[in-house]
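Trainee: Please see the structure below; I have some questions.
The values are calculated or read from the model by the stated rules, or taken from the named source; none is laboratory data. Because the structure is predicted, anything quoted here is derived from the model rather than measured. Using ideal geometry, Cβ is built from the backbone for each residue, glycine included, and neighbour counts are taken over all protein chains shown.
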Number of protein chains: 2
Amino acid sequence: MSLDHAILGFLQYGPSTGYDLKAIFDLSVQHFWPADQSQIYRTLSRLTAQGFVEMERVEQEERPDRKVYRLTPAGVEELQRWLTTPLPMKGGRSAQLVQVFFAAQLSDEEMLAIFRRAAEQCRAELAQLRAIPAEAATYREALDSPRDYFCWMLTLECGMNMTAAHLAWLESVIARIEQGELPRRR
Amino acid sequence: MSLDHAILGFLQYGPSTGYDLKAIFDLSVQHFWPADQSQIYRTLSRLTAQGFVEMERVEQEERPDRKVYRLTPAGVEELQRWLTTPLPMKGGRSAQLVQVFFAAQLSDEEMLAIFRRAAEQCRAELAQLRAIPAEAATYREALDSPRDYFCWMLTLECGMNMTAAHLAWLESVIARIEQGELPRRR
DNA sequence: CGCTAATATAGGATACGTCCAATATGTGAA
DNA sequence: TTCACATATTGGACGTATCCTATATTAGCG
């Protein structure tokens, strides 16, 4: 249940609405923990019921009331507890690797297409990740703690390293196939 | 719906029961597409209803009948179609990175613990991946096509590369924290 | 002799994620 | 003017994964 704790984590920076949370999710942790908007709202209700956050209704004219959530002491404690809890290494799923695994019956050209497409997507993702620090600057003041910022940048670095490594592998596979190292069909 | 297509992919090597499929899943594709046993059986029923596989009941004494599934022509076609379909790059989730992102409020020691634990898990996973080729040899004859085997080894290589890259990153973070590059709290 | 693992399948319950649509209105762009 | 987008929240439906339990028997180990 990491969405719960990610939300608690963000609320630790200060009170927020579901809408705010969605925005900061998309900017900062999306590449390793994407969050659906309706999922955020539902989780917020649950966290309230569990007593980890409190909600304050702020009335607005002509728009839906804002519901501003803040951490309770119990929420702070729960976050702390979770952060120091060892996590089981849950292997991610990759549909693309499933394609690779069964790609043997495709033609060489079709296989190359899979790898070239994947490489393109990697490059796009890398570009996206590289664009984050510029946008992050906006929030840097809000965060204000250089330690928080350091942690954020660590996750970014991880994402870029992983993507770069994946891209390197894809390119090496493409090169090998182009050099005819792929056994023939039949 | 990659589980569906992974099952179709394995059935392409020859008829199997749900039980057989579970075994080959765990050996070969588990590290990028783990499959739950009951999920396999349910998917098999659905694929039958959709006409992609056929079931033949093989009676056994003193044990539940084996249900042997085989691909239909429609199933072959569906597999081929899916293999050549571009996939949306679905970013994997990493609860560990969520911990890192919010780790700023932990002590240096607690942060180091997170990274050291993660590094340990990486090493364990690497060891597991390295053990696969030996077990794979059993199935090599069954697969018999060197092209299929090549694709299998590609996915293994990918897994090992990614894990190694992740480990390298973790070790570099540990080194940097130990050298005091992490900004202080408060 | 008892325990566990292997062979084989099935179903309920639950959590979690994703998509889509509805509600309401202001602002800026084409 | 029309269209999309930002603000803000909510709910239905569905797909997929995960967990647990039940059934039934054999083989091997200590």
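Trainee: Pick from the stretch A:145-186 the residues that are closer than 25 Å to B:Leu170 by Cα and of a type in the set (Asp, Glu): which of them is nearest to the other protein chains (Cβ to nearest Cβ)?
Mentor: Ranking the qualifying residues of the stretch A:145-186, first place goes to A:Asp148.
Trainee: Would the stretch A:69-78 turn up any residue that is in a loop (DSSP other than H, G, I, E, B), within 14 Å of DNA strand C (Cβ to nearest atom) and over 30 Å from B:Pro146 (Cα atoms)?
Mentor: no
Trainee: Additional query: Could you tell me whether the stretch B:43-53 includes any residue that is within 13 Å of DNA strand C (Cβ to nearest atom), part of a loop (DSSP other than H, G, I, E, B) and exposed (fewer than 14 other Cβ atoms within 10 Å of the Cβ)?
Mentor: Looking through the stretch B:43-53, none of the residues is within 13 Å of DNA strand C (Cβ to nearest atom), part of a loop (DSSP other than H, G, I, E, B) and exposed (fewer than 14 other Cβ atoms within 10 Å of the Cβ).
Trainee: Test A:Leu3 against the stated conditions and say whether it is within 11 Å of DNA strand C (Cβ to nearest atom), at pLDDT 95 or above and among the hydrophobic types (A, V, I, L, M, F, W, C).
Mentor: Yes: the conditions hold for A:Leu3.
Trainee: Please verify whether the stretch B:58-66 includes one or more residues that are at pLDDT below 95, away from DNA strand D (no atom under 13 Å from the Cβ) and on the phi < 0 side of the Ramachandran plot.
Mentor: Looking through the stretch B:58-66, at least one residue is at pLDDT below 95, away from DNA strand D (no atom under 13 Å from the Cβ) and on the phi < 0 side of the Ramachandran plot.
Trainee: Still on this structure, I have one more. Looking only at the stretch A:62-73, decide whether some residue is surrounded by 13 or more Cβ atoms within 10 Å (Cβ to Cβ) and within 14 Å of another protein chain (Cβ to nearest Cβ).
Mentor: Yes, the stretch A:62-73 contains at least one residue that is surrounded by 13 or more Cβ atoms within 10 Å (Cβ to Cβ) and within 14 Å of another protein chain (Cβ to nearest Cβ).
Trainee: Related question: If I go through the stretch B:1-42 residue by residue, how many of them are part of a helix (DSSP H, G or I), away from chain A (no Cβ under 13 Å), among the polar types (S, T, N, Q) and buried (at least 19 other Cβ atoms within 10 Å of the Cβ)?
Mentor: Qualifying residue count, the stretch B:1-42: 0.
Trainee: Within the stretch A:139-180, can you find the residues that are more than 29 Å from B:Glu110 (Cα to Cα) and of a type outside the set (D, E, K, R)?
Mentor: Once the filter is applied, which keeps residues that are more than 29 Å from B:Glu110 (Cα to Cα) and of a type outside the set (D, E, K, R), the stretch A:139-180 yields A:His166, A:Leu167, A:Ala168, A:Trp169, A:Leu170, A:Ser172, A:Val173, A:Ile174, A:Ala175, A:Ile177, A:Gln179, A:Gly180.
Trainee: What is the one condition in (1) touching a helix residue (DSSP H, G or I) at 6+ places or on another chain (Cβ under 7 Å); (2) buried (at least 16 other Cβ atoms within 10 Å of the Cβ) that B:Asp108 does not satisfy?
Mentor: Against the list (1) touching a helix residue (DSSP H, G or I) at 6+ places or on another chain (Cβ under 7 Å); (2) buried (at least 16 other Cβ atoms within 10 Å of the Cβ), B:Asp108 comes up short only on (2).
Trainee: So B:Leu71 ticks every box in (1) under 30 Å from A:Asp4 (Cβ atoms); (2) more than 13 Å from DNA strand D (Cβ to nearest atom) but one. Which box is left unticked?
Mentor: Result: B:Leu71 fails condition (1) only.
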